[in-house]
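Colleague: Pasting a structure below so you can have a look.
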Amino acid sequence: MKNKPVAVVGAGISGLTISTILKKREVPVEIFEKKDEPGGALKTVNSNGWLLEYGPNTLLLKDKIVADFLRDAGLEEEMVVANENSSKRFIVKNGKPEPLPASIWSAVNTPLFSLKGKLRILGEPFISRSDDPDQTVAEFVERRLGEEVLNYAINPFVAGIFANRPEDLSLRHAFPAMHNLEAEYGSMIWGSFAGAKKRKEQGRIPRKLISFKEGIQQLPETLASQAGKAHYNQKIEKIEKRTGGWFLESNGREFGPYSKVVLNTPLYQIKQSQIPVNDYDFEMLQKVHYPPLSVMYLGFKKDQVEHPLDGFGFLVPELEQRNILGALFSSTLFEGRAPDDRHLLTVFVGGGRQPDHASLPTEKMLNLVMADLQDLLGITGEPVFMDHVYWPNAIPAYHTGYDDILRTLKNVEARNPGLHLAGNFRHGISVPDCIKSGIELADQIAKDLS
Ligand SMILES: Cc1cc2nc3c(=O)[nH]c(=O)nc-3n(C[C@H](O)[C@H](O)[C@H](O)COP(=O)(O)OP(=O)(O)OC[C@H]3O[C@@H](n4cnc5c(N)ncnc54)[C@H](O)[C@@H]3O)c2cc1C
């Protein structure tokens, strides 16, 4: 079994990381991907000088293990760090983008929160711990920081990261760091200060928001060139263990034997006929909801936009009752994202908040989006560039009760020794989280096989 290769199904960032590390540890490995290229959600398109990110736009680098992985892949020179003023983020309040406070002084003066709301934040260290082991993000924030922080900070923040609502996510699973601050220190504010040294010891590095010179897709392309042998246009339809090892089936062709199989496909794409899984476990895994999301790319001449676009972008709280979730100021974030004298905006629509909006036809969506942009950013005239991508199932929602999902994943693996289920549904949805958990799993597999 030991000398047989490991099969990795899915060449998204999870599968590519696992395959790259296995190859590095001298474990033979083969990747199977149903599309004709690597990357999964990571996809960059260069359309006559407009550099569009169809999936992730930025990577938040905060763990040394991830930074080292990118350096070892030879990507350090290719990295670009987000423009300095992208630390400024806007939240819409009363129809106007207001900067999120970045200092104590701006926090005192911000119109985002009333005086009562600000005093409520200062009272956070005096709020006692919850005895609910699996509260929603909304319950946690409202209890500790008050309604205003929930509505005008966390609600838009959750829309920006998960394309979802704080009421629909489990704090412990979606934001474990926040959960741990309360559990360990009894306070988020106090824990943020007191835990700084510990975070450094845990391998945290100063935070950096990055992409790559040619866009995010440089990452999967580089990894694919260093990972194991790849079979593209191969949709795996069956995974089966027989004497001699694991076998895969695609387009009526059989591949194998393999020592192990790592399945990296999203949970909603797992077919019951594909892996050995019982009805109960299969139904449990299908409970994970991936809300739909549309992303619209709009280009304008600079003199069409009144707002200076001096920041990362803006997010819209649900209470503001707008058509969009928010927008990135993409041409401010990184150089070379738009032709000269043009601005590129990346606008998000739908998610768990307004799922019906996500699937609107392009023309209808454009009207809704433009109505908001005209109002919020003072845009005049028609866009000079437009593109639109629709994600029917964008990002998995780590809902309350997610322990049952994690337990089911473990049960499926325990009943099928040699089968591993990996991906953004397990240890965090961000690209860096997928890299981190991919490295850990590959190291474990290499150890098992040594
Ligand atoms: C619109 C959007 C914006 C995002 N923005 C950010 C961001 O700014 N920063 C950030 O860190 N994260 C962001 N994310 C999240 C992040 O991109 C994803 O969580 C991550 O890329 C998922 O990687 P994965 O490898 O686990 O899964 P995927 O990327 O989904 O990869 C799974 C792969 O499996 C393949 N596959 C499926 N079925 C089969 C089969 N039967 N046989 C063979 N192959 C199969 C698929 O084609 C795919 O290539 C964003 C996600 C989306 C959708």
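The values are calculated or read from the model by the stated rules, or taken from the named source; none is laboratory data. Computed from a predicted structure; not experimentally measured. Virtual Cβ from ideal backbone geometry, glycine too; neighbours counted across all protein chains shown.
Colleague: Count, please, the residues in region 251-280 that happen to be assigned to a strand (DSSP E or B) and either modelled with pLDDT of 95 or more or under 13 Å from P417 (Cα atoms) (or both).
Modeller: Looking only at that region, the number is 9.
Colleague: Within region 134-166, track down each residue that is within 23 Å of I324 (Cα to Cα) and among the acidic types (D, E).
Modeller: Listed by number, the residues that qualify are E147, E148.
Colleague: K208 versus (1) modelled with pLDDT under 95; (2) part of a helix (DSSP H, G or I): which is the lone unmet condition?
Modeller: So the condition that K208 fails would be (2).
Colleague: Looking only at strands (runs of 3 or more DSSP E) that lie completely in region 15-102, which have at least 1 residues being farther than 20 Å from A227 by Cα?
Modeller: Qualifying strands (runs of 3 or more DSSP E): 44-47, 50-53, 59-63, 79-81, 89-93, 96-99.
Colleague: If a residue must be within 13 Å of the ligand (Cβ to nearest atom) and touching a residue at least 24 places away in the same chain (Cβ under 8 Å), how many such residues does region 224-249 contain?
Modeller: Total meeting the criteria: 13.
Colleague: From the residues in region 13-37 that are among the acidic types (D, E) and more than 9 Å from the ligand (Cβ to nearest atom), which one is nearest to S87 (Cα to Cα)?
Modeller: If we take residues in region 13-37 being among the acidic types (D, E) and more than 9 Å from the ligand (Cβ to nearest atom), then D36 is nearest to S87 (Cα to Cα).
Colleague: Let me ask something additional. Looking at (1) at negative phi; (2) within 15 Å of the ligand (Cβ to nearest atom); (3) in contact with a strand residue (DSSP E or B) (Cβ under 6 Å, 6 or more places away or on another chain), find the lone condition where G40 falls short.
Modeller: Failed condition: (1).
Colleague: Out of curiosity, is N278 over 19 Å from the mean Cα position of the chain (by Cα) and either farther than 27 Å from D356 by Cβ or among the acidic types (D, E) (or both)?
Modeller: Yes: the conditions hold for N278.
Colleague: Given (1) of a type outside the set (S, T, Y); (2) surrounded by fewer than 14 Cβ atoms within 10 Å (Cβ to Cβ); (3) in contact with a Ser or Thr (Cβ under 9 Å, 6 or more places away or on another chain), where does D341 come up short, assuming only one miss?
Modeller: Against the list (1) of a type outside the set (S, T, Y); (2) surrounded by fewer than 14 Cβ atoms within 10 Å (Cβ to Cβ); (3) in contact with a Ser or Thr (Cβ under 9 Å, 6 or more places away or on another chain), D341 comes up short only on (3).
Colleague: Could I ask something else about it? Select from region 43-69 the residues that are over 17 Å from V347 (Cα atoms) and acidic (D, E) and write down the one among them that is farthest from the ligand (Cβ to nearest atom).
Modeller: In this case the residue turns out to be D68.
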